[in-house]
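Below: one structure, written as structure tokens.
The values are calculated or read from the model by the stated rules, or taken from the named source; none is laboratory data. In this text the structure is predicted, and so the values were computed from the model without any measurement. Cβ placement follows ideal geometry from the backbone for every residue including glycine, while neighbour counts extend to all protein chains displayed.
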Amino acid sequence: MTELRHDWTIDEADAIIARPFHDLLAAAHAVHRETFEAHVVEAAMLLSIKTGACPEDCAYCPQSSAWNTGLEPARLMPTTEIVEAAERAREAGATRFCMGAAWRSPNDRQVGEVAAAVRGVGELGMETCVTLGMLTADQAATLANAGLDYYNHNLDTSPEFYGEIITTRTYEDRIETLGHLRDAGIKLCTGGIVGMGETRRDRAGLLVQLARLDPHPESVPINLLVQVPGTPLFGTDELEPLELVRTIAAARLMMPRSVVRLSAGRSDMSDELQALCLHAGASSIFLGDQLLTTTNPGVDHDRALLEHLDTTFAPSA
Ligand code: SAM
Ligand code: DTB
Ligand code: SF4
């Protein structure tokens, strides 16, 4: 069993990503099989529970109030509606229900309302995940008391490139929230986005930040940038697709026991590219035809893809 390490350097990560393609994939797939059943994929489903009108200026995000993307903002959804959506997700085969809110950092009343939704979804027997922006230690404890399983809080890119993408918060702000979540005993879902014009060394820098966390995040989402008209990153040169595969393979080798999720951007990926990403060590996807505000392949498409790969969705927890 591969030893876990928390002292990775950027040069090491860069060298892993640069390894000859078939060597890199063979190594990553072998390490993947140490921990995961190669023909099983976890299915999560995502719901935007508060949409748009976000005060942050993330250059990739259609929900920022800084950009004109034509997105219709929506206030926080009532708990009953959230739980009904979770029931539909469970029927579609999802085992984890992820609730996203376009806040920079929620206030205590908002955290309390989301905690009630977490309780309601948890009672369905589904794993719960929320992503609400930055939290205080007390707010993390409130969510833990509601039985929250995972919190998504992405580092998104390297510290060096971060200022090109987001100026309304710092890298340190994100690391601080990850610390509060750890202290509250909530599992971490933290990863980032590739294809934003970053260098390979930036992608290595992101992976090093994630793999230096001790313990490693339980869940590492790798998003391919979804280019939304009106956002600053619309029109960015497309990432050479195999760079996504290499990044996932490196994440697998650096965080051998973390679940790597092939997250946003799958509507823009061929089935063959997705198959390579799953072979390289991704073992979780978002089900359904919508992520937060952008499209996703849809349940029928994903069931057919998995069938072609002799792969099944993980049974409910
Ligand atoms: N507002 C909270 C935050 O930023 O942490 C939670 C919601 S935010 C939309 C969740 C994540 O979605 C971001 O951290 C980012 O990695 C991802 N994301 C947002 N827009 C994206 C896009 N256009 N393409 C790919 N990933 C995106
Ligand atoms: C994550 O890393 N990606 C998901 C989930 N965690 C919250 C969100 C993707 C959002 C893609 C753009 C959109 O749909 O708004
Ligand atoms: Fe706001 Fe999150 Fe979008 Fe950034 S990624 S603009 S914080 S919703």
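Considering region 289-317, and only residues there that are within 16 Å of the chain's Cα centre (by Cα) and surrounded by 22 or more Cβ atoms within 10 Å (Cβ to Cβ), the residue that is farthest from residue 37 (Cα to Cα) turns out to be 292.
Could you count how many residues in region 278-297 are among the aliphatic types (A, V, I, L, M), part of a strand (DSSP E or B) and within 12 Å of ligand 2 (Cβ to nearest atom)? If you could, list the steps in order and put the result at the bottom.
Step one: filter region 278-297 for residues among the aliphatic types (A, V, I, L, M), giving 278, 280, 282, 285, 287, 291-292.
Those left that are additionally part of a strand (DSSP E or B): 282, 285, 287.
Narrowing further to those that are within 12 Å of ligand 2 (Cβ to nearest atom): 285.
Qualifying residue count for the region: 1.
The set of residues in region 138-164 being assigned to a loop (DSSP other than H, G, I, E, B) and either within 14 Å of ligand 1 (Cβ to nearest atom) or polar (S, T, N, Q) (or both) consists of 153, 154, 155, 157, 158. In region 64-75 there is at least one residue that is of a type outside the set (Val, Ile, Thr), touching a residue at least 60 places away in the same chain (Cβ under 8 Å), touching a strand residue (DSSP E or B) at 6+ places or on another chain (Cβ under 6 Å) and not in a helix (DSSP H, G or I).
Of the residues making up region 80-136, those that are touching a strand residue (DSSP E or B) at 6+ places or on another chain (Cβ under 9 Å), among the polar types (S, T, N, Q) and either at pLDDT below 95 or part of a loop (DSSP other than H, G, I, E, B) (or both) number 1.
If only residues of region 165-189 that are touching a residue at least 24 places away in the same chain (Cβ under 8 Å), farther than 22 Å from residue 251 by Cβ and not in a loop (DSSP other than H, G, I, E, B) are counted, the one that is farthest from ligand 1 (Cβ to nearest atom) is 183.
Here 101, 92 are screened, and the one residue that is under 16 Å from residue 288 (Cβ atoms) and not aromatic (Phe, Trp, Tyr) is 92. Within region 222-238, the residues that satisfy the criterion of being within 18 Å of the chain's Cα centre (by Cα) and either within 23 Å of residue 255 (Cα to Cα) or not aliphatic (A, V, I, L, M) (or both) are 222, 223, 224, 225, 227.
Screening residue 252 against (1) farther than 28 Å from residue 164 by Cβ; (2) assigned to a helix (DSSP H, G or I); (3) charged (D, E, K, R) leaves a single unmet condition, (1).
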